[in-house]
Structure formats: structure tokens, C-alpha cells
Amino acid sequence: MISKKLNDALNGQINAELYSAYLYLSMTAWFSAKGLPGFAIWMRCQAQEELFHATKMFDYVNERGGKVALAAIAKPDSKWDSPLAVLEQVAKHEEHVTRLINDLVNCALDERDHASNIFLQWYVTEQVEEEASVGEVLSKLKMVGKDSAGMFAMDLEMGKRVFTPPVAE
Ligand SMILES: [Fe+2]
Ligand SMILES: [Fe+2]
């Protein structure tokens, strides 16, 4: 069993992961409308990853005999000034999620729930990877600037991303 406190915190994180998926889907739509299909594919993969993060946690709560309680998902932004503005928001959002994951780990440790601590380490590692990959896209985008040929090439590159669900351990 997991404590009530940690159960509530995990439900909060399930909501945060679903919100992330929602936000990235909104960004997917924005890129599609702007004629950047490669960026749209990249962002859709990002949304699929978030959905995976949410359902992985959902399964864990059930597995531990907790109670999954789904709350309303907040409305995401839908307008941005530029691709750069979108990616800057993604980077900021991922940093925010990293703080949430760290708080969750602290909560698991406070509750002396070692199984949950181990479970959450997967998310700790995942956040390192996410922040790094978004940082990489962000620096490329800054290099390209307003160069349309560069933007065209980058869109092709971004479109190569495929979502592969991690194999269950
Ligand atoms: Fe996530
Ligand atoms: Fe993420």
C-alpha cells in the first residue's frame, strides 16, 4: 500500500503528465497550421511520451493498491509568436516538471516508501534526457534564426523522430 499523501501526490503528477501531453498536442496543431510538418511530428512524439509517463504512473498507483483519481486537465496555450517561442516554452515546462518529480521523490522519501522511490528514479532519468533533447532543438533553432532554407532543412530533420514506447522492465 502507498500512503494517502503519496497517493495524492502521484495523482497530481498523473494530471501534470496529461497536461504536458495536452500542451504538446496544442503545439503540434500550431506547427501543422504554420506549415512545419516535421516540427509537428516531433511535437506529437513529445505528446505521446507524456501520455506514456501518465499511464505508467497510473498503472503503478493501481499496482500498489492505491486509488487513481483523475482530475480536470487545464486548457493549454494555443498561440505562439514563433517556433522559437514554442520551444522556449517546452524547455521551461520541462524544467517545471523536473521540479515536480524532485518534489515527488522527496515525498516518497518522507513517507519511507522505498519502492516508490525506486519507481520514481525512472522519471528522474527521463527528465535529464528530456531537458537535454529540448535544449538541443532549442540551440539548433537559435542557429537557424530567420533563415528559411535552414528552417526547411530543420523541419525535415525534426520529422524523422519516431515514438517507440520504452520496453517494460
Ligand atoms: Fe513527462
Ligand atoms: Fe516531458
>> So, Asp147, is that one within 30 Å of Ala33 (Cα to Cα) and more than 20 Å from the chain's Cα centre (by Cα) or not?
In response: yes
> Are any residues in the stretch 90-103 free of Cβ contacts under 8 Å to residues at least 24 places away in the same chain and within 17 Å of Ala47 (Cα to Cα), and if so, which ones?
Replying inline: Lys92, His96
>> Tally up the residues in the stretch 31-60 that are more than 16 Å from ligand 1 (Cβ to nearest atom) and either acidic (Asp, Glu) or surrounded by fewer than 19 Cβ atoms within 10 Å (Cβ to Cβ) (or both), please.
In response: 5
> Can you name the residue in the stretch 113-134 that is surrounded by 13 or more Cβ atoms within 10 Å (Cβ to Cβ) and over 21 Å from Tyr60 (Cα atoms) and, of all such residues, is nearest to the chain's Cα centre (by Cα)?
Replying inline: Glu130
> For the stretch 87-138, which residues satisfy the criterion of being of a type in the set (Lys, Arg) and part of a helix (DSSP H, G or I)?
Replying inline: Lys92, Arg99
> If you scan the stretch 61-82, which residues turn out to be more than 16 Å from ligand 1 (Cβ to nearest atom) and closer than 17 Å to Phe119 by Cβ?
Replying inline: Asn62, Glu63, Arg64, Gly65, Gly66, Lys67, Val68
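Just so you know, all these numbers are worked out from the coordinates, no wet-lab data involved. Bear in mind that the values here come from a model prediction, so they are computed numbers and not experimental data. Positions of Cβ are backbone-derived with ideal geometry, glycine not excepted, and every protein chain shown enters the neighbour counts.
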